[in-house]
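S.K.: I am attaching a structure below and will ask some questions about it afterwards.
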Number of protein chains: 2
Amino acid sequence: MDIGSTAEDKTRFFSGVKALAGELKAKITSIAKSFKKLGEDDPRRLTHSFKVGLALSLVSLLYYAKPLYDGFGLAGMWAVLTVVVVFEFTVGGTLSKCLNRGFATFLAGGLGIGADHFANLFGKKGEPIVLGILVFLLAAAATFSRFFPRMKARYDYGLVIFILTFSMVAVSGYRVDELVVLAHQRLCTIILGGAICMLISIFICPVWAGEDLHKAVASNLEKLATYLEGFGGVYFPSCKDEGSGVVSKDHNGNSLFQGYKSILNSKNIEESLANFARWEPGHGRFRLRHPWKHYLEIGALARQCAYNIEFLNACIDSDIQTPEEFKSKIEGPCSRMSAECGMALKALATSMKTMTDPSSAKPNVENSKAAVNDLKFALKAASIENADFLAIVPAATVGSVLVEIAKCVEKISEAVHELSERAHFSRTVEPTVSPEKPPQLLHRGVIRPASDVTDDVHKNVVITIHETSTVSPENETSGQHEVPKPEPSYSSRTAAASANTLTSLPSPCGKEP
Amino acid sequence: MDIGSTAEDKTRFFSGVKALAGELKAKITSIAKSFKKLGEDDPRRLTHSFKVGLALSLVSLLYYAKPLYDGFGLAGMWAVLTVVVVFEFTVGGTLSKCLNRGFATFLAGGLGIGADHFANLFGKKGEPIVLGILVFLLAAAATFSRFFPRMKARYDYGLVIFILTFSMVAVSGYRVDELVVLAHQRLCTIILGGAICMLISIFICPVWAGEDLHKAVASNLEKLATYLEGFGGVYFPSCKDEGSGVVSKDHNGNSLFQGYKSILNSKNIEESLANFARWEPGHGRFRLRHPWKHYLEIGALARQCAYNIEFLNACIDSDIQTPEEFKSKIEGPCSRMSAECGMALKALATSMKTMTDPSSAKPNVENSKAAVNDLKFALKAASIENADFLAIVPAATVGSVLVEIAKCVEKISEAVHELSERAHFSRTVEPTVSPEKPPQLLHRGVIRPASDVTDDVHKNVVITIHETSTVSPENETSGQHEVPKPEPSYSSRTAAASANTLTSLPSPCGKEP
């Protein structure tokens, strides 16, 4: 081996080390970045971590402080164990685990001592056999009852601790004579550890499961609203310049249009939050017996709506052939429907967030209902003119989905109203508009105000002319809508009024009907 | 108080006691019944409970058997604790917890002893302070990293045990001088408890998470299939007598039509099963590195399909006005599409269950694609005749949803094919039918065999006549379908062939087209 090759080897070695160091540095930087992002996404995570550290340090005092150590001895370990196992992110989670652990330990400790006394009756030989059978039976029964969905949801941890404590007390009772002292020490240290957890969890930057649930459900409604408000602009590109079609991005750079997807699988999160929320004391705007269960109903309806939107999304992707001309005909009612649904949901979300009366959403819900009827008229009108049925089916399907979504939004509105009553949302002044006639039909970006055509008689004249007109199906280029005689099923005042409005108003986005 | 009233009181008291006893008895009976049902629904739950009892009894031996007790002393407690906390329903769950617990204890124990030595350098006064700071920092860091979704999924329990062990070793090190002995004892008992759990879990009636995942995904496909196979008969009642519309019930008395609903929220279950399955050794038909992750993809597609079905269900409920006459026109392709999709899914599910080549589903997928084209032709034909567009939109929407479902089923078929390759499903003989021309168009209950019309030339003549025919839209009663000139986009051989078949075959359910 000559010197040259050694030098080369050295260079190679150092460059290898350098590359490795570079890789390591890149890896560490990426981990640090994801740590940072995790903290920035929800700073409460950082706080929670420090809270756990604090609780553990406090419990360590048991060991460091001599008087405390003399009182508890090795059993002080249980306090450390309790803190680590019991401290959860939310107050409700911590309380549920603390209380489960406390009660289960107490109950199982008592039962264990009883079992020990009972086994004593069978003499030195029989005792271990009897204890073994008892442990087997109780462990099997408790394990089995963990499969009950209701038990699983609320007392799962308690059942585990029950089995644990009972086995330990019953088994160790065979050896340790000072059984009661042990049980007492264990209970005391668990209570101490649990108390530290509960106090820190409640009084230092508390994270309330109930509040999280409240916000999560409201924000789900908002995500649906964002999609629906933007939908018109995306599906009917001619509307884009009016502002409703701007696809905005959230701070993570994801399209807000994808936001609804997180709702599809929200069931488990909402259910566990609702379970934890039951354990929480009254806090802030929430009383002790806040109707948490009702949030699950709203959540389920929001999911239903999200399923429909998921299908709507698939429709948009696969719809590439619908003639613009047909689209422009249903554009008005469709974009109005989705926009009104979006605004209704946004109003409901705001009402939930501020815990005020959700009546402000009512006009939007009524408008969306009116738009459903408008769509029906538009479809009726389209049928005579448009012969290429196959090409327009995708657009008609989009209309059907929007109708389903409008129904869903109505149900959500009812559910939020019920919640507002049960949870005593603060009342605001009732809107003066009666729900009979559709108010606020004209709003930004979707319908232009028609200041020149305002009197009802004139509108009626317009529709009468159309009713009697006999334009042939081929007369598409004339740009005239045919409104057939309203059927009895759609002759309600709302439908008729809105149909009149549709025929007499200039169509959205400046296209003449 | 006279004697009469006392006697009356007594009677009242006894009747009260009797009523109470009756209530109690009813309550106990109902609880016992739900216990029984829980066990009957999945008998493995009962086995699992007995397995836990057995493991605990075995661990108790540590205490009962004198030689073992002399070796471990009080540390034997940890074995009991390990068994209770670690024993999960599935093998994968148990293994994951055991290994997490073992490694975390080992690692944290080592670090704890190191921290103790390090703190020793700071003298008697500095030691508790340094230890406190170390505990605080490590606990906070480990708690924070539990928020990483990947860590949460796989190592959550390990992180908890890491914090626990480190705190206990570091803190108790300040008091207990035989630190290494303690750590060693703890590790040994944990390994002992863990080993008992793992052995019982693997060798006594094992519940494999992987197998559960495999079965769950296959059964989800079956649930979708059940819905789709029955759909035709429910939506097109004229088909009911042909047998496809019989709504069957499962052993719980629920309509099998509601089965798909459980798929909507299956994500969490599937993900946790897949997470557990990674920890399992090869078992039965599954090798060590079975592509468990791929099941999640199939599961996601099944959920997508279930979302569409959910919307389809809403369509059926709200569709009460579609004229039978239009329905009968799309009945053929629609019921064929749903039936073929259902059969394809059933074939895919069977192929997954038996782990054989899924090629038998291919003809059904091709048929469903052909039916999609048939539907397009039927819609094109309907457009000329049928002027009441509004009334037929719901039925057309149903058709669109079915088209989306057919797309979904095709994707599922591709995913199952990919799985079959990755997981080396056993190959069977390839079907001889080429996918170019749709085979098996005729099957039970939906299409009647047309034995008299079989040659291609004749079919082509039929369509040529239709293409040149100029039947007026009013000529509905003549019972003739108008098939317009196929557009370039639909002029593929498959589409043309199936369209020909459609026009030349008698329509399903015995109704002439």
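S.K.: Filter the stretch B:32-53 down to residues that are open to solvent by less than 70 Å² (accessible area, probe 1.4 Å) and either β-branched (V, I, T) or not in a helix (DSSP H, G or I) (or both), then give me how many there are.
M.R.: Total satisfying the criteria: 3.
S.K.: While we're here: Taking interchain pairs and intrachain pairs at least six residues apart, which have beta carbon atoms under 9 angstrom, with the first residue in the stretch B:43-57 and at the interface with chain A (Cβ under 7 Å from one of its Cβ atoms) and closer than 13 Å to B:V207 by Cα and the second of a type in the set (G, A, S) and open to solvent by 50 Å² or more (accessible area, probe 1.4 Å)?
M.R.: Between residues of the stretch B:43-57 that are at the interface with chain A (Cβ under 7 Å from one of its Cβ atoms) and closer than 13 Å to B:V207 by Cα and residues that are of a type in the set (G, A, S) and open to solvent by 50 Å² or more (accessible area, probe 1.4 Å), the close pairs are B:S49/A:A141.
S.K.: Another question, if that's okay. Going through A:K327, A:K293 one at a time, which residue ends up being more than 21 Å from B:I405 (Cβ to Cβ), away from chain B (no Cβ under 14 Å) and without any contact (Cβ under 8 Å) to a residue 60 or more places away in the chain?
M.R.: Step by step, each of A:K327, A:K293 is checked, and only A:K293 is more than 21 Å from B:I405 (Cβ to Cβ), away from chain B (no Cβ under 14 Å) and without any contact (Cβ under 8 Å) to a residue 60 or more places away in the chain.
S.K.: Restrict the check to the stretch A:87-108 and report whether at least one residue is within 9 Å of chain B (Cβ to nearest Cβ) and open to solvent by less than 40 Å² (accessible area, probe 1.4 Å).
M.R.: yes
S.K.: Exactly one of these conditions fails for B:I200: (1) under 29 Å from the mean Cα position of the chain (by Cα); (2) within 14 Å of chain A (Cβ to nearest Cβ); (3) modelled with pLDDT under 90. Give me its number.
M.R.: All conditions are met except number (3).
S.K.: Next question, about the same structure. From the set of residues in the stretch A:45-79 that are touching a Gly at 6+ places or on another chain (Cβ under 9 Å) and within 17 Å of A:T165 (Cβ to Cβ), which is modelled with the lowest pLDDT?
M.R.: This residue is A:W78.
S.K.: Might you check whether a residue that is within 14 Å of B:V85 (Cβ to Cβ) and either crowded, with 23+ Cβ neighbours inside 10 Å or away from chain B (no Cβ under 12 Å) (or both) occurs anywhere in the stretch A:111-133?
M.R.: no
S.K.: OK, next. Scan (1) open to solvent by 80 Å² or more (accessible area, probe 1.4 Å); (2) within 13 Å of chain A (Cβ to nearest Cβ) for the single condition B:L24 breaks and write down its number.
M.R.: Looking at each condition in turn, B:L24 falls short on (2).
S.K.: Quick check on my filter: what residues within the stretch B:276-300 are surrounded by fewer than 20 Cβ atoms within 10 Å (Cβ to Cβ) and in a helix (DSSP H, G or I)?
M.R.: B:K293, B:H294, B:L296, B:E297, B:A300
S.K.: In the stretch A:134-153, how many residues are more than 9 Å from chain B (Cβ to nearest Cβ) and crowded, with 17+ Cβ neighbours inside 10 Å?
M.R.: Looking only at that region, the number is 1.
S.K.: Also, quick follow-up: Would you mind finding the one in B:K51, B:K33, B:K25, B:K37 that is closer than 30 Å to B:A75 by Cβ and not polar (S, T, N, Q)?
M.R.: Being closer than 30 Å to B:A75 by Cβ and not polar (S, T, N, Q) holds for just one of B:K51, B:K33, B:K25, B:K37, which is B:K51.
The values are calculated or read from the model by the stated rules, or taken from the named source; none is laboratory data. Predicted model, so just to flag it, every value in this text is computed and none were measured. FYI the Cβ positions are ideal-geometry reconstructions off the backbone, even for glycines, and counts take in every protein chain you see. Only protein heavy atoms, including side chains, enter the accessible area calculation; ligands, DNA and RNA are left aside. Shrake-Rupley method; radii C 1.70, N 1.55, O 1.52, S 1.80 Å.
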